[in-house]
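Each value in this text was obtained by applying a stated rule to the coordinates, not by laboratory testing. As the structure is a prediction and not an experimental result, all values here were calculated from the model. Using ideal geometry, Cβ is built from the backbone for each residue, glycine included, and neighbour counts are taken over all protein chains shown.
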Amino acid sequence: MIPAYTLYGAAISLYTGKARAYLRYRNVPFVEEAGRPEIFERVGFRMIPVLHTPDDELIQDTTVIIDHLEARLAEAGSGDASIYPAGRAQRLVALLFEVYGDEWLLIPAMHYRWAYNLDFILEEFGKTVIPEASPEEQRALGEKISAPFRGSLPILGITDDTTTGIELDYERLLRHLNAHFANHRYLLGSRPSIGDYGLMGPLYAHNYRDPWSGDQMRRIAPNVARWVGSMNTPAPNSGRFLPDDEIPETLLPLLEVMFDECMPTLMATIDANAAWIESNPDTAEIPRGVGEHEFVIGGARGKRMIRSYSQWMLQRPLDDYRSLEGEDRERVDRLFESVGGKDWLQRPIQRRVGRRNNRLVPE
């Protein structure tokens, strides 16, 4: 048994939901607390979740948290329950779903929270900070501290021009996932993968836990609601991935949507980052936003801030694809050609980015 960790997070936090579910499945002992000023000072900015290790290390970013623990668990002899499939097609699909959840489903998560769950979430913001205060005091504080989140909606591309498309896109996702989870407990079998955790953040903390959106999910996609419950109350370190590196047919429509709408935006981010780096050759850090670009969601066209960090996430599946050889490469190429993804996966990365001290930097 490894020593206990502290997860600094919140019930309302999208990415805390991703990290918490992973800790539970991998049977990592932890306590959860609200973030404290001294923790944020050490991290360098105010953001959750943060994992505080028994060695007094602070780890920010859910993907980095998960990979740190996967390595630690492997050293402790629990690598056979890894959330990364050994099959190369399954591993790549799982990595793509993590990106999809982290970077694309943030859009409907934020839209539904602030369009349909306003009273609830204002009270929840206040309750998170001052749990012993009166409902009136909690709401007043919630109004104040939630302002930056509400103000970020246009930055994410959530405007009057795109909301219809966002809702069409999200309801389509729910129906596809509902069909998939009718026959599979998780994306790739009876064990959750890194892709399940990518989806878990937005689909739990916002779209399941917020009341209006939770009712919508249970009505449109009861199997997705059941999957959320399974992710939150798993049988630790149990289950297995489908044999023979199988990719379920029910995931193919989701992959098609991913490459049709999400991937063009992510690839445009790689191009924008490269241009920014070339224009700022002496930079030590890439800002979180490097301009604005057009995007399409659910057939609706809008503009959004170019989220530079998305490239770091996308590099993970792109690097995994480039490492394929021989029969693995041929088989994966056939799969992704069938869903319109092969050419996207083969696109070059003009300028790579990395993480250093919780900041995005040119490599």
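Put in order of Cβ neighbour count within 10 Å, fewest first, the listed residues 241, 181 become 181, 241.
Relative contact order, whole percent, for the chain stands at 20, derived from Cα pairs under 8 Å and 6 or more residues apart.
Taking the Cβ of residue 199 as the center, what net charge do the other residues with Cβ under 10 Å away carry, scoring Lys and Arg +1 and Asp and Glu -1? All intermediate terms of the calculation are to be shown ahead of the outcome.
Details: positive: 18; negative: 98, 102, 196.
Computed value for this residue: -2.
Cut-off is 10 Å between beta-carbons; in what order do 8, 116 appear when sorted fewest neighbours first? Intermediate values should be presented prior to the final figure.
Values: 8 24, 116 16.
Listing 8, 116 from fewest to most nearby Cβ atoms yields 116, 8.
Loop-resident GluC sites (Glu not before Pro) (DSSP state other than H, G, I, E or B) in region 248-312 with no more than 15 further Cβ atoms inside 10 Å of their Cβ: 285.
Which of the three applies to region 56-178, rounded, prolate or oblate, going by the alpha-carbon gyration tensor with a ≥ b ≥ c and a/c under 1.5 meaning rounded?
Values: a/c = 2.77, a/b = 1.40, b/c = 1.99.
Oblate, because a/c is 1.5 or more while a/b does not exceed b/c.
Computed across region 5-81, the Kirkwood radius stands at 12.6 Å (inverse of mean 1/r, all Cα pairs).
Residues 267, 231, arranged from fewest to most other Cβ atoms within 10 angstrom of their Cβ, appear as 267, 231.
Set the Förster distance to 41 Å, then compute FRET efficiency between residue 294 and residue 68 from the Cβ-Cβ distance, nearest 0.05.
On the way: r = 36 Å, r/R0 = 0.89.
Plugging the Cβ-Cβ distance into 1/(1 + (r/R0)^6) gives 0.65.
What you get for region 144-254, charging only the Cβ of Lys and Arg (+1) and of Asp and Glu (-1), is a dipole of about 500 debye around the Cα centre. The tail of the calculated P(r) for region 243-338, taken as Cα-Cα distances beyond 16 Å, holds 66 percent of the pairs.
Under the rule a/c < 1.5 gives rounded, and otherwise a/b versus b/c splits prolate from oblate, where does the chain land using the Cα gyration tensor? Could the numbers behind the result be given before it?
On the way: a/c = 1.22, a/b = 1.15, b/c = 1.06.
Verdict is rounded for the chain.
Let me check I've understood the local charge: for residue 78, count other residues with C-beta under 11 angstrom from its C-beta, Lys and Arg +1, Asp and Glu -1. What total comes out? Computed value for this residue: -1. Enumerate the residues in region 320-352 having an amide nitrogen under 11 Å from the point lying 7 Å beyond the Cα of residue 363 toward its Cβ. Flagged as within label range: 320, 349-352. Using Cβ point charges alone (K and R +1, D and E -1), the dipole size of the chain about the Cα centre works out to roughly 360 debye. Dividing the C-alpha radius of gyration of region 172-295 by 2.2 N^0.38 Å, with N its residue count, gives 1.33. Our note on the geometry: Cα centres of region 113-176 and region 54-79, 31 Å apart.
Helix-only mean residue ellipticity at 222 nm, the chain, DSSP H runs n ≥ 4 weighted -39,500 (n - 2.57), per residue, nearest 500. What is it? Intermediate values should be presented prior to the final figure.
Numbers: 17 runs with 184 residues, N = 363.
One gets -15500 deg cm²/dmol as the mean residue ellipticity at 222 nm.
May I ask for the distance between the Cα centers of region 217-263 and region 310-331, given as a whole number of Å? A separation of 21 Å, based on Cα centres. Residue by residue, region 48-55 carries 3J(HN,Hα) couplings of 10, x, 10, 9, 9, 7, x, 8 Hz when phi is fed to the Karplus relation 6.51 cos²θ - 1.76 cosθ + 1.60 (θ = phi - 60°); x denotes Gly or Pro. For the chain, build the charge dipole from Cβ charges (+1 Lys, Arg; -1 Asp, Glu) around the Cα centre, then report which of 208, 151, 95 sits farthest towards its positive end. Of 208, 151, 95, it is 208.
Each label was represented as a point 7 Å from its Cα along the Cα-to-Cβ direction; for residue 280 and residue 355 these points are 2.0 nm apart.
Which longest uninterrupted range of the chain lacks any trypsin sites (Lys or Arg not before Pro) assigned by DSSP to a loop state (not H, G, I, E or B) and surrounded by at most 12 other Cβ atoms within 10 Å? The partial results should precede the final answer.
Details: sites that count: 46, 240.
Result, exposed sites excluded: 47-239.
In region 31-99, which GluC sites (Glu not before Pro) are in a loop and have at most 16 other Cβ atoms within 10 Å, using DSSP for the loop call? Don't skip to the end; give the middle numbers.
Working: sites: 32, 33, 38, 41, 57, 70, 75, 98; in loops: 57.
Here the GluC sites (Glu not before Pro) that fit, given the DSSP loop and packing criteria, are 57.
Compute the Cα gyration tensor for region 114-205, then decide on rounded, prolate or oblate, letting a ≥ b ≥ c be the square roots of its eigenvalues: rounded whenever a/c is under 1.5, prolate when a/b is larger than b/c in the other cases, and oblate in all that remain. Oblate, since a/c reaches 1.5 and b/c is not below a/b.
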